[in-house]
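Chemist: Dropping a structure here in structure tokens format, bear with me for questions.
The values are calculated or read from the model by the stated rules, or taken from the named source; none is laboratory data. For clarity, every value in this text was computed on a predicted model and none was experimentally measured. Here Cβ is always computed from backbone atoms with ideal geometry, including for glycine, and neighbour counts include all displayed protein chains. Just so you know, the surface numbers come from the protein's heavy atoms only, side chains and all, with ligands and any DNA or RNA stripped out. Shrake-Rupley method; radii C 1.70, N 1.55, O 1.52, S 1.80 Å.
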Amino acid sequence: MTASYQSKDKLFSALKWQVDMGIDCAMSDTAVGLYALEMPKMSVLSAALTSAHLPQVTPPKTGHAENLAPTCDSLVKGISEGTSLPSHFGDLSALTTLDELKSALRAFDGCALKKTASNLVFSDGNPAADIMIIGEAPGRDEDRMGLPFVGVAGQLLDRMLKSIGMDRQNVYITNILPWRPPGNRTPSAEEIRLLWPFLRRHIQLKAPKIIFALGGSSAKLLLNTQIGILKLSGQMQEIDFSDARDGSLPIPVLPSLHPA
Ligand code: URA
């Protein structure tokens with residue numbers, strides 16, 4: 001760390017602030033701005049949209065290949081190995097359109113977040129777009145408006161898209177969780193597990209050409225790994241989001257730091 005601190009307490013409090021902000025590993029001695037880090041990834045997205053072929057997918061690194069389960073099934077098994085399988089899980093393949101999925105989520109009473117949220121935040125953008133952006137969870141502004149990424153982070157996302165000549169008509173946006181966690185707290189593992197079958201069906205029905213996973217929670221869930229976002233960021237991996245009934249649905253997932 002190149003900054004000098006006048007006391008040990010100041011150094012500890014600077015480190016604590018970084019941990020509180022979600023920084024989980026050090027990549028270099030000097031700080032690098034979000035734009036410098038993330039702009040190369042925006043051009044990968046741009047290339048995905050304009051070229052007939054997807055950019056090269058990074059093969060899983062040795063040592064954690066088993067974590068990058070090709071079908072995300074270990075996560076689903078994690079659910080079924082629990083004492084009770086959520087009752088909604090088996091029914092979702094009967095939903096064949098995004099509208100039906102939205103209605104099913106609206107009717108789903110199995111998650112306590114629904115009780116404290118003002119609105120269901122299902123998606124925004126163009127359902128026919130090649131790119132699906134998956135963030136973490138709605139914040140206060142998103143909860144109020146019922147749309148993802150409309151607050152400060154959303155404005156930065158719009159600027160990032162604009163920098164590569166895109167807007168919301170070129171992307172389809174959703175979150176891991178469709179309801180705001182109270183006080184914007186981090187979603188619990190249980191909430192994510194409970195709502196994962198809905199997100200997986202969302203991905204299956206949308207069937208995008210590429211997924212842009214925004215933030216650590218989204219990247220870890222979609223790549224089924226515990227590796228931190230600073231290491232995952234920019235490492236595209238192909239993941240199969242099908243289930244046994246549907247056959248194969250391999251989709252490249254590009255993780256990125258969250259604009260927040
Ligand atoms: N952050 C997210 O991850 N999603 C939103 O919708 C807004 C902020």
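Chemist: Quickly run through segment 171-187 and pick out the residues that are out of contact with any Lys or Arg (no Cβ under 9 Å at 6 or more places or on another chain), in a loop (DSSP other than H, G, I, E, B) and modelled with pLDDT of 95 or more.
Modeler: Within segment 171-187, Ile176, Leu177, Pro181 qualify.
Chemist: Could you give every pair whose Cβ atoms fall below 8 Å, whose first residue belongs to segment 218-233 and is assigned to a helix (DSSP H, G or I), and whose second residue is of a type in the set (Asp, Glu) and within 13 Å of the ligand (Cβ to nearest atom), counting only separations of at least 6 or pairs across chains?
Modeler: From residues that are assigned to a helix (DSSP H, G or I), the pairs are Ser218/Glu136.
Chemist: Report yes if Leu222 is closer than 22 Å to Gly125 by Cβ and either polar (S, T, N, Q) or surrounded by 22 or more Cβ atoms within 10 Å (Cβ to Cβ) (or both), otherwise no. Don't jump to the end; show me each part of the working.
Modeler: Working: closer than 22 Å to Gly125 by Cβ: yes; either polar (S, T, N, Q) or surrounded by 22 or more Cβ atoms within 10 Å (Cβ to Cβ) (or both): yes.
Yes; evaluated as a whole, the condition is true for this residue.
Chemist: What is the number of the single condition among (1) within 16 Å of the ligand (Cβ to nearest atom); (2) open to solvent by 40 Å² or more (accessible area, probe 1.4 Å) that Gln235 does not meet?
Modeler: All conditions are met except number (1).
Chemist: Any idea which of Arg159, Arg168, Arg201 is at pLDDT 95 or above, open to solvent by 10 Å² or more (accessible area, probe 1.4 Å) and touching a helix residue (DSSP H, G or I) at 6+ places or on another chain (Cβ under 6 Å)?
Modeler: Working: Arg159 fails: touching a helix residue (DSSP H, G or I) at 6+ places or on another chain (Cβ under 6 Å); Arg168 fails: touching a helix residue (DSSP H, G or I) at 6+ places or on another chain (Cβ under 6 Å).
None of the others qualify; the one that does is Arg201.
A quick yes/no check of all residues on (1) among the hydrophobic types (A, V, I, L, M, F, W, C); (2) farther than 28 Å from Ala112 by Cα:
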site: Ile164; (1), (2): yes, yes
site: Asp167; (1), (2): no, yes
site: Tyr172; (1), (2): no, no
site: Pro182; (1), (2): no, no
site: Gln204; (1), (2): no, no
site: Pro208; (1), (2): no, yes
site: Asn224; (1), (2): no, no
site: Lys231; (1), (2): no, yes
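Chemist: Quick check on Thr174: is it within 13 Å of the ligand (Cβ to nearest atom), within 21 Å of Gly146 (Cα to Cα) and open to solvent by 40 Å² or more (accessible area, probe 1.4 Å)? Reasoning before the result, please.
Modeler: Details: within 13 Å of the ligand (Cβ to nearest atom): yes; within 21 Å of Gly146 (Cα to Cα): yes; open to solvent by 40 Å² or more (accessible area, probe 1.4 Å): no.
Judged against the criteria, Thr174 is not a match.
Chemist: Taking the conditions exactly as written (over 21 Å from Ser217 (Cα atoms) and either modelled with pLDDT under 50 or more than 20 Å from the chain's Cα centre (by Cα) (or both)), does Leu85 satisfy them or not? Can you show your working first?
Modeler: Details: over 21 Å from Ser217 (Cα atoms): yes; either modelled with pLDDT under 50 or more than 20 Å from the chain's Cα centre (by Cα) (or both): yes.
Yes: the conditions hold for Leu85.
Chemist: So the check is Cβ under 6 Å with 6+ separation or different chains; which pairs have a first residue in segment 118-146 that's among the aromatic types (Phe, Trp, Tyr) and a second one that's more than 9 Å from the ligand (Cβ to nearest atom)?
Modeler: From residues that are among the aromatic types (Phe, Trp, Tyr), the pairs are Phe122/Lys102; Phe122/Pro178.
Chemist: Evaluate the following for Leu257: is it aliphatic (A, V, I, L, M), surrounded by fewer than 22 Cβ atoms within 10 Å (Cβ to Cβ) and over 22 Å from Pro178 (Cα atoms)? Talk me through it step by step, then tell me what you get.
Modeler: Details: aliphatic (A, V, I, L, M): yes; surrounded by fewer than 22 Cβ atoms within 10 Å (Cβ to Cβ): yes; over 22 Å from Pro178 (Cα atoms): no.
It is false that Leu257 is aliphatic (A, V, I, L, M), surrounded by fewer than 22 Cβ atoms within 10 Å (Cβ to Cβ) and over 22 Å from Pro178 (Cα atoms).
Chemist: Is it the case that Lys209 is at pLDDT 95 or above, surrounded by fewer than 22 Cβ atoms within 10 Å (Cβ to Cβ) and within 24 Å of Leu232 (Cβ to Cβ)? If you could, list the steps in order and put the result at the bottom.
Modeler: On the way: at pLDDT 95 or above: yes; surrounded by fewer than 22 Cβ atoms within 10 Å (Cβ to Cβ): yes; within 24 Å of Leu232 (Cβ to Cβ): yes.
Spelling it out, Lys209 is indeed at pLDDT 95 or above, surrounded by fewer than 22 Cβ atoms within 10 Å (Cβ to Cβ) and within 24 Å of Leu232 (Cβ to Cβ).
Chemist: Further, regarding this structure: Take segment 127-155 and flag every residue that is open to solvent by 40 Å² or more (accessible area, probe 1.4 Å), more than 18 Å from Arg200 (Cβ to Cβ) and more than 16 Å from the ligand (Cβ to nearest atom).
Modeler: Across segment 127-155, the qualifying residues are Ala128, Asp130.
Chemist: Please tell me if Trp196 is touching an Asp or Glu at 6+ places or on another chain (Cβ under 9 Å) and aromatic (Phe, Trp, Tyr).
Modeler: So Trp196 fails the test.
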